[in-house]
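A.B. asks: Below is the structure I would like to discuss, written out as structure tokens.
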Amino acid sequence: MTFSRRAFLGAAASSALLPRRLFAASGAKLKVGLLLPYSGTYAALGHNITDGMKLAASEHGGKLGGREIEWKAVDDESDPAKAPANVNKLIAGEKVDILTGPVHSGVAMAMMQIVRQENVLTIVTNAGAQAVTGTLCAPHVFRTSFSNWQVSYPCAEVMVKAGHKKAALMFWNYSFGQESMAAFKEGYSKAGGTVVKEIAVPFPSTEFQANLSEIAALKPDAVFVFFAGAGAAKFVKDYADAGLQQKVPLYGSGFLTEGVLAAQGGAADGIRTTLHYADALDNPANKKFREAFKKATGRDADVYAVAGYDAVNALAQALDKVKGDTGAQKELIAALEATRLDSPRGRFRFSKAHNPVQDIYLRQVKGGKEMVLGVAMKDADDPATGCKLGK
Ligand code: PHB
């Protein structure tokens, strides 16, 4: 094992040299870093992840492994160029024991370079970049959200089965959008579909009208997209305003409607998406979670809040096993690998690559509500291409 500069300084600074049993009693707080967007098109996503984490923490009495939590948040602005400085603020500056976040896959790629070197325990709470649990996977990096492939690939077969064999694609042109389309195309050609047009929109632009006119002229059987957050709210309204809602069925990964259904109003009616969560999932954990989140924040929970909630619940289980000793990284990793959660999304466990193994639901918006039509893929396990963990 490499003994990084940070591990050395961190051990001295955070009293990780104390005997295990004394650790929780020593009063050393557990510093949890949040690298999340609190401004820009993904701001609401960052807030819901944060509040999901805080809800879980309050259900554990504000402590994990016996240690009181100290949150250290940085607004990453969903800007990959600023990511190295922002990550360093948390790792070198705040000396966080655990790093969590981000939302944006480009930020995640930059973050991965640093956390792999610095060996800091990291829980990815949204970004779906394949490399996080693929080519750049690492023993100390876990993800409680999803991989790109999991939320995009299953939608292709759904579309072909519905008789939509000619699709146009539209997406924000950065790693997540590109990977999402690649996973979709893999599934679509396998299922016998043909992509007739690909439209890449620069992130975070919401100038959609010209592209939507192009789609109207093309008349594909259906459209598959990736947009999220405030941009997704605008896209769905523009799609309806362009007269496409009744003419060309709209599909996507579920981020298209998560957290923005109310803003989209009637324009969202009919949209079908695939995702590992849905508001209406009928299980006791989801009911309890949604009620508690609403009570704590006054807002409705969504898939982003779930990933934050599960991240802290997974940490709670694992840190209990090591009595709060984050210096015992090997044992802590083994404990995280053994995590089993009754998540609002259903049963939760990590794959060998540390990505959730989870059911992918087919959802449809009807009358302003997200209905669950069924399971599009049972126990979806990301292929984890390029990851050697557990092999
Ligand atoms: C990503 O960049 O990985 C990303 C961002 C927003 C989402 C989903 C994925 O809603």
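The values are calculated or read from the model by the stated rules, or taken from the named source; none is laboratory data. Since we're looking at a predicted model, the values are computed, not measured. Methodologically, a virtual Cβ is constructed for each residue, glycine included, from the backbone with ideal geometry; neighbour enumeration extends over all protein chains shown. Please note that ligands, DNA and RNA were not included when accessible areas were found on the heavy atoms of the full protein model with its side chains. Shrake-Rupley method; radii C 1.70, N 1.55, O 1.52, S 1.80 Å.
A.B. asks: Could you tell me how many of the residues in region 74-113 are open to solvent by less than 10 Å² (accessible area, probe 1.4 Å), in contact (Cβ under 8 Å) with a residue 60 or more places away in the chain and away from the ligand (no atom under 16 Å from the Cβ)?
C.D. replies: Looking only at that region, the number is 4.
A.B. asks: Mind checking which residues of region 218-247 are open to solvent by 10 Å² or more (accessible area, probe 1.4 Å), aliphatic (A, V, I, L, M) and away from the ligand (no atom under 16 Å from the Cβ)?
C.D. replies: Across region 218-247, the qualifying residues are Leu218, Ala240, Ala242.
A.B. asks: Across region 282-305, which residue is farthest from Trp149 (Cα to Cα) among those that are buried (at least 21 other Cβ atoms within 10 Å of the Cβ) and more than 16 Å from the ligand (Cβ to nearest atom)?
C.D. replies: Phe293
A.B. asks: A further question on this structure: Take the conditions modelled with pLDDT of 95 or more, surrounded by 20 or more Cβ atoms within 10 Å (Cβ to Cβ) and within 15 Å of Ala311 (Cα to Cα) and apply them to Ile123. Does it pass?
C.D. replies: yes
A.B. asks: Does Asp325 satisfy being more than 15 Å from the chain's Cα centre (by Cα), open to solvent by 40 Å² or more (accessible area, probe 1.4 Å), of a type in the set (Asp, Glu) and in the same structural domain as Asp51 (by TED's automatic domain parsing)?
C.D. replies: Criteria not met by Asp325.
A.B. asks: Name the residue that is farthest from Phe146 (Cα to Cα), counting only residues in region 334-374 that are open to solvent by 20 Å² or more (accessible area, probe 1.4 Å) and in a helix (DSSP H, G or I).
C.D. replies: Selected residue: Ala334.
A.B. asks: In region 375-389, what count of residues is obtained for those that are assigned to a loop (DSSP other than H, G, I, E, B) and of a type in the set (A, V, I, L, M)?
C.D. replies: 2
A.B. asks: Which residues, counting only those in region 257-297, are part of a strand (DSSP E or B) and of a type in the set (Val, Ile, Thr)?
C.D. replies: Thr273, Thr274
A.B. asks: Scan region 168-179 and report the pairs whose first residue is on the phi < 0 side of the Ramachandran plot and whose second residue is open to solvent by less than 30 Å² (accessible area, probe 1.4 Å) and polar (S, T, N, Q), with Cβ atoms within less than 7 Å and a gap of 6+ or a chain change.
C.D. replies: Correct list of pairs: Phe171/Ser180; Tyr174/Ser105; Ser175/Ser105; Phe176/Ser105; Phe176/Asn148; Glu179/Asn148.
A.B. asks: Let me ask you something else. Counting only residues that are touching a strand residue (DSSP E or B) at 6+ places or on another chain (Cβ under 9 Å) and within 17 Å of Gly177 (Cβ to Cβ), how many does region 213-245 have?
C.D. replies: Looking only at that region, the number is 12.
A.B. asks: Say we look at region 137-172 and pick out the residues that are more than 14 Å from the ligand (Cβ to nearest atom) and over 30 Å from Leu218 (Cβ atoms); which of these is most open to solvent (accessible area, probe 1.4 Å)?
C.D. replies: Pro139
A.B. asks: For the list (1) closer than 21 Å to Val151 by Cβ; (2) touching a Phe, Trp or Tyr at 6+ places or on another chain (Cβ under 9 Å), I need the number of the one condition that Pro249 fails.
C.D. replies: Going through (1) closer than 21 Å to Val151 by Cβ; (2) touching a Phe, Trp or Tyr at 6+ places or on another chain (Cβ under 9 Å) one by one, Pro249 breaks only (2).
A.B. asks: I've got another one for you. Return a yes/no flag: does region 240-247 have any residue that is more than 16 Å from the chain's Cα centre (by Cα), without any contact (Cβ under 8 Å) to a residue 60 or more places away in the chain, in a helix (DSSP H, G or I) and in the same structural domain as Asp342 (by TED's automatic domain parsing).
C.D. replies: No: zero hits.
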